[in-house]
Amino acid sequence: MEKRSAGVGAGAAADVAGECDAAELADELSRARADAPGTHPEFDRLVRTVWRLRQPDGCPWDRAQTHESLRRDMVEEAYEAADAALAADDGDFTIDDVCRQINAKLVRRHPHVFGDAVAADAGAVGAIWDDVKRREREGRSDADAPEGLLDSVPRSLPALLQCQKMSTRAARAGFEWASVDDVWDQVASERREFECEERGSEEAAEEFGDVLFSLVNVARWEGIDAEAALDASNRKFRRRWSAMERMAREEGLELDGLGVGRLNELWRRAKAEERAGDGAGRAE
């Protein structure tokens with residue numbers, strides 16, 4: 001077994017080396033062509049800026065980020081890019097133009113690193129970031145058509161993310177409940193309005209949206225990322241359903257047609273199995 005594993009490892013290493021050689025050759029052939037892109041100093045400058053933000057005396061928010069924590073931000077930026085591409089006039093730009101603008105924005109929005117502002121923690125960084133963005137909007141706005149507070153929230157974002165961003169901005173502008181209990185009262189009020197509408201009507205759908213919007217505000221008050229919370233619940237449901245399918249296969253059954261009683265029984269078993277596994281993990 002060990003010899004075979006070693007052989008597989010050596011073969012995989014050889015494959016990787018072969019791929020690297022092929023990539024080097026391909027790059028040499030590309031660079032030999034006239035007008036082939038060469039160095040990109042703007043990209044290097046951007047890399048240095050990000051490196052600086054991650055230093056011990058850099059930005060508290062940037063230092064705290066991980067690949068996992070940045071997932072949602074990457075998704076949001078992708079939607080913002082899609083909105084910008086749809087809205088922009090046709091025009092040519094290079095990767096250096098893009099890097100130059102990103103770098104300028106990062107420096108401008110981190111005066112606590114590259115200027116004389118002070119930010120002791122990530123919360124203070126967020127306040128500085130929002131203040132700089134507000135001043136940017138004011139600088140771009142024309143007197144006849146100033147940019148609104150919510151205009152920069154991409155309309156192509158998934159509805160839950162849009163809700164989080166819009167409600168947070170509105171709250172920072174002072175449009176806020178006095179307590180989380182008041183938000184729960186709003187949820188109850190929206191539910192009553194939903195129940196008053198005809199089932200399946202457009203009005204009912206609109207009121208149900210208001211229920212969801214209110215629940216996102218509860219999450220904001222409780223310091224919960226609603227998108228991350230729903231994602232976790234989705235993954236939990238997938239995990240338990242997969243366990244149900246496995247249990248059914250072990251009994252020579254298919255889930256389709258089992259009936260709600262049998263399905264509920266499998267669901268309870270899947271939950272119990274998951275809890276037992278969690279307990280064993282914690283004990284270890």
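The values are calculated or read from the model by the stated rules, or taken from the named source; none is laboratory data. What you are looking at is a predicted structure, and each value in this text was computed from that prediction instead of being measured. Here Cβ is always computed from backbone atoms with ideal geometry, including for glycine, and neighbour counts include all displayed protein chains. To get the accessible areas, we keep the full protein, side chains included, count just its heavy atoms, and leave off ligands, DNA and RNA. Shrake-Rupley method; radii C 1.70, N 1.55, O 1.52, S 1.80 Å.
Of all alpha-carbon pairs in the range 177-257, indicate the percentage at a distance above 18 angstrom. Everything past 18 Å amounts to 61 percent. Pairs of Cα atoms in the chain fall into 5 Å distance bins, from 0 up to the last occupied one, in shares of 1, 4, 6, 8, 10, 11, 12, 11, 10, 9, 7, 6, 3, 1, 0, 0 percent. Charges were assigned to the Cβ only: +1 to each Lys and Arg, -1 to each Asp and Glu. The resulting dipole of the range 96-174 about its Cα centre is roughly 200 debye.
Among the lysines of the chain, pairs that are 8 or more positions apart or on different chains and have alpha carbons within less than 27 Å of each other number 5.
Evaluated with a Cβ-only charge set (Lys, Arg +1; Asp, Glu -1), the chain carries a dipole of roughly 1260 debye about its Cα centre, given to the nearest 20. From most to least packed by mean Cβ count within 10 Å, the peptides 166-177, 230-241 give 166-177, 230-241. Relative to the Cα centre, the charge distribution of the range 164-284, modelled as +1 at Lys and Arg Cβ and -1 at Asp and Glu Cβ, gives a dipole magnitude of about 820 debye. Taken per residue, the accessible surface of the chain reaches 71 Å², heavy atoms only and a 1.4 Å probe. Extension gain, D225 to D256, is 7.7 nm, computed as 0.36 nm per intervening residue step minus the present C-alpha separation.
Counting only the Cα atoms, the range 129-284 fills a convex hull of 213 Å³ per residue.
Across the options V180, C196, G209, the greatest Cα extent toward the positive end of the charge dipole of the range 88-209 (unit charges at beta carbon of Lys, Arg, Asp, Glu) belongs to V180.
Here the chain exposes an accessible surface that is 54 percent carbon and sulfur, computed with a 1.4 Å probe and the other protein chains kept in place.
With the alpha-carbon atoms of the range 100-212 aligned to their principal axes, the span from lowest to highest coordinate is 57, 33, 26 Å, starting with the largest. Peptide packing: for 109-121, 22-34, the average count of neighbouring Cβ atoms within 10 Å per residue gives the ranking 109-121, 22-34, highest mean first.
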